[in-house]
Amino acid sequence: MLDTLIFVVLPYAAIALALFVTPYRYFKNRLDWSAFSTQFLERRKLYWGSIPWHYGVVIVLAGHLIGFLFPSAVQSALSNFSMLIVLESIALALGLLALVGSVILLIRRASGIVRAVTSYSDWIVLLLVLNQAITGVYMGVFARWGMEWYLYTAVPWLYSLLTLNPQIGYVSELPLVFKLHVAGAFLILAVLPFTKFVHFLFLPLDFLKDPPLLYRWASRKEKKVAIEETKRS
Ligand code: HEM
């Protein structure tokens, strides 16, 4: 029952939400897509959280995608044991980077003035990304060699989902930590159109076109007034 929920119901529900709600929100009011910046409230922890998180997770996700798109090529690369060790070590290091980043982002949200402007959806996003990092790193350490078994279990199951013929037999025997990781991944997809996650649909292109906004204070006095106003609201 739980397996059907995680490996069939949740994925299709998440894909439907992402596919239908995202364009609806895009056309209804694109201006409310971007959350207001907290960079002017706290910058240091944002930097030390956001940069490791993004570098870690973007590369790890590219690895997930390569395994999904080219399973035979990855399988033959991993048949060389030294290659398997090297790639697993790199993935683990990147997973740890993402983990450290997400913990710093969570601490930042929980402390100081940033907490006052944090919404439920911010917490949900942060807890979901933390879940991905914790369960991913846990598998990297305790469920060896994930890169390899991913190809024989998760990849055929994902293809079966895409062909509308879900075969949960490929993944139902995998440990609970894997199920939490997959549930987290599809929950991220499900909440995508309702939260700040939606920015990743834009970022890769817009980031190259326009540099990110940088807020500067005109004077110390203005900074103080703005902080007081934020505290009051
Ligand atoms: C259905 C989707 C997904 C599947 C089947 C999956 C599967 C896996 C597996 C099997 C591992 C262990 C790899 C290893 O031992 O080397 C792993 C690691 C990891 N995953 Fe995922 N994953 C999925 C989605 C995601 C998403 C959406 C994120 C982030 C937003 C994510 C982040 C990570 C991280 C940070 C690691 C740790 C890196 C490592 O130690 O290898 N995963 N994933």
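The values are calculated or read from the model by the stated rules, or taken from the named source; none is laboratory data. What you are looking at is a predicted structure, and each value in this text was computed from that prediction instead of being measured. Note that each Cβ is placed from the backbone with ideal geometry, even for glycine, and that neighbours are counted across all protein chains shown. SASA here: full protein model, heavy atoms, side chains in, ligands and nucleic acids out. Shrake-Rupley method; radii C 1.70, N 1.55, O 1.52, S 1.80 Å.
Results, tabulated for the structure shown:
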| read-out | value |
| --- | --- |
| Pairs, first under 11 Å from A190 (Cβ atoms) in the stretch 7-26, second of a type in the set (D, E) and assigned to a helix (DSSP H, G or I), C-beta under 8 Å, six or more apart | none |
| From Y12, Y26, residue being part of a helix (DSSP H, G or I), more than 17 Å from the chain's Cα centre (by Cα), more than 18 Å from D122 (Cα to Cα) and at pLDDT below 90 | Y26 |
| Residue check for A154: near the ligand (Cβ under 9 Å from one of its atoms) and more than 15 Å from L10 (Cβ to Cβ) | no |
| Members of the stretch 114-141 found to be within 9 Å of the ligand (Cβ to nearest atom) and surrounded by fewer than 16 Cβ atoms within 10 Å (Cβ to Cβ), listed by number | V141 |
| Check on S111, over 18 Å from the mean Cα position of the chain (by Cα) and either more than 8 Å from the ligand (Cβ to nearest atom) or surrounded by fewer than 16 Cβ atoms within 10 Å (Cβ to Cβ) (or both) | yes |
| Number of the exception - S76 against (1) in a helix (DSSP H, G or I); (2) away from the ligand (no atom under 15 Å from the Cβ); (3) within 20 Å of the chain's Cα centre (by Cα) | (3) |
| Identity of the residue in the stretch 157-173, open to solvent by 30 Å² or more (accessible area, probe 1.4 Å) and either among the aliphatic types (A, V, I, L, M) or assigned to a helix (DSSP H, G or I) (or both), that ends up nearest to L5 (Cα to Cα) | I168 |
| Single unsatisfied condition, A93 versus (1) more than 11 Å from the ligand (Cβ to nearest atom); (2) within 21 Å of the chain's Cα centre (by Cα) | (1) |
| Top-ranked residue in the stretch 177-191 [being among the β-branched types (V, I, T) and more than 8 Å from the ligand (Cβ to nearest atom); ranked as modelled with the lowest pLDDT] | V191 |
| Lone qualifier among L2, L105 - being in contact (Cβ under 8 Å) with a residue 60 or more places away in the chain and exposed (fewer than 13 other Cβ atoms within 10 Å of the Cβ) | L2 |
